[in-house]
1. How many percent of the alpha carbon pairs in the range 158-240 exceed a separation of 21 Å?
2. Arrange ARG195, ARG252 by Cβ neighbour counts within 10 Å, fewest through most, would you?
3. Please state the equivalent ellipsoid semi-axes for the range 204-258: what are the square roots of 5 times the Cα gyration tensor eigenvalues, largest first, in whole Å?
4. Across the range 235-249, in residue order, what do the Karplus-derived ³J(HN,Hα) couplings come to in whole Hz, using 6.51 cos²θ - 1.76 cosθ + 1.60 with θ = phi - 60° and x for Gly and Pro?
5. Distances over 26 Å make up what percent of all Cα-Cα pairs in the range 245-367?
6. Step through the table entries LYS246/LYS355; LYS10/LYS121; LYS59/LYS301; LYS193/LYS286; LYS337/LYS378, compare each Cα-Cα distance with 30 Å, and write down the pairs that go over it.
7. Considering all projection directions equally, how large on average is the shadow of the alpha-carbon convex hull of the range 147-199, in square nanometres?
8. Under 8 Å for C-alpha pairs, at least 6 residues apart: give me the relative contact order for the chain, rounded to a whole percent.
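Only the coordinates and a few stated rules stand behind these numbers; no lab work does. As the structure is a prediction and not an experimental result, all values here were calculated from the model. A quick note on method: Cβ atoms are made from the backbone with ideal geometry, for glycine too, and the neighbour counts reach across all protein chains shown.
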Amino acid sequence: MFAAKLVCTKCGEEYPLPLGIYRCPRCGSPLDVTYHYDDIAEFIGENDPWFREHPHTWKYWMFLPVSNLRKVVTLNEGGTRLYRVRRLEEKLGIGRLYVKNEGENPTGAFKDRGSSVEITKALEFHAQRVIVASTGNMAASISAYGAKAGLEVTIVVPEGTPEGKLVQARMYGARVEVFGKTYDEALAEAERKAREENYHLTGNYHYRVEGQKTTGFEIIDQLHFNVPDWIVVPIGAGTHLRAIWKGLKEFRRIGLIEELPRIAGVQIEGYDAVVRAWKTGKPIEKITKKTPTLASAIAVKAPVDGENVIRAVKESGGHLDTVTNGETIEAGRLLGKEGLFVEPSSATSLALARKMREEGIIDRGESVVVVATGHGLKDINTWRNVLSH
Ligand SMILES: *Cc1c(COP(=O)(O)O)cnc(C)c1O
Ligand SMILES: [Zn+2]
């Protein structure tokens, strides 16, 4: 294993691995796993056959914090395809436009990349029952990987979670607890239960980050180690965006790429805590109001990785903005016409790319990858309502 230690993303304090902590004991911020990067660089030789291996999450095992590869809990996550969408390119006036279609994952969302690592770690920690709070997709994903590992799974979801995601979790054998009106309340409850009732906690913590950074690895790999100008990512907790950025920096650190793309993050109207802080330069303030939204998967009032998102976007010279429900619907329809059916939260990335092109932030000649985070069948009711209007 090349993993070295845990480092706080805010105060920089270092901790040894493995340590059963979820946030920095000193300042309460999210942690990062770091690696012996020079050893990885040496391990991957220059003309290594590794480069020709088909991209999938565990192709990048040297960047993952798992000590025994024979004990990995996997459902063949990752390896999702990257689609060039030429008609959309022309319509939007973007040089090259790609969609990374994460709905092709085993449970229909990118969360599987992180769940594979988290559940593998849960077994390393001898957990028997795991708990997770979720807007739905992470619940379904942890349920599937927990089932595969023979663990008991409890999921905590807010009211109004799309039914398909809950049926999915129950088919994997999970116990479903509906708690609170938003993800933030469900999260507090899951963390309380983990503390007081001896569940192994999974969720938007550092081991998940490690799995989810492979979305970024695959994009680069699928572009033959050419770096796109932009990668656009929806923000819920902000963990996926933060993870993708971490992975890209690691690729550069060991010399697999020289440049880095700009990262753009998108929030849905009504849940814009990070965008607001970005625009005003003030600290992130939790959203207090619950607004009806199409994009339930990213309806998060206090994103745990909000500060890490802002840091990533700053470092990359990127961009943050919101899109409206209407812009999201249009983007969903545009993707449909390319043969890609994504859930509403996932369409926000295309909606933002379109807006950025219109505002001249993305140039005509640039290459853009939009990350479509989950499958359209995940949230049928929302699209059905759209179609009937
Ligand atoms: C979880 C999720 C997101 C948001 O990802 P974060 O890591 O929470 O920022 C976006 N889209 C879909 C479909 C999701 O399930
Ligand atoms: Zn700290």
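1. 50
2. With the fewest neighbours first, ARG195, ARG252 line up as ARG195, ARG252.
3. Each semi-axis is the square root of five times an eigenvalue, giving 19, 13, 8 Å.
4. 10, x, 7, x, 5, 5, 4, 4, 5, 4, 5, 4, x, 5, 5
5. Within the range 245-367, distances greater than 26 Å cover 26 percent of Cα pairs.
6. Result: LYS59/LYS301 exceed 30 Å.
7. 3.7
8. The value is 18 percent.
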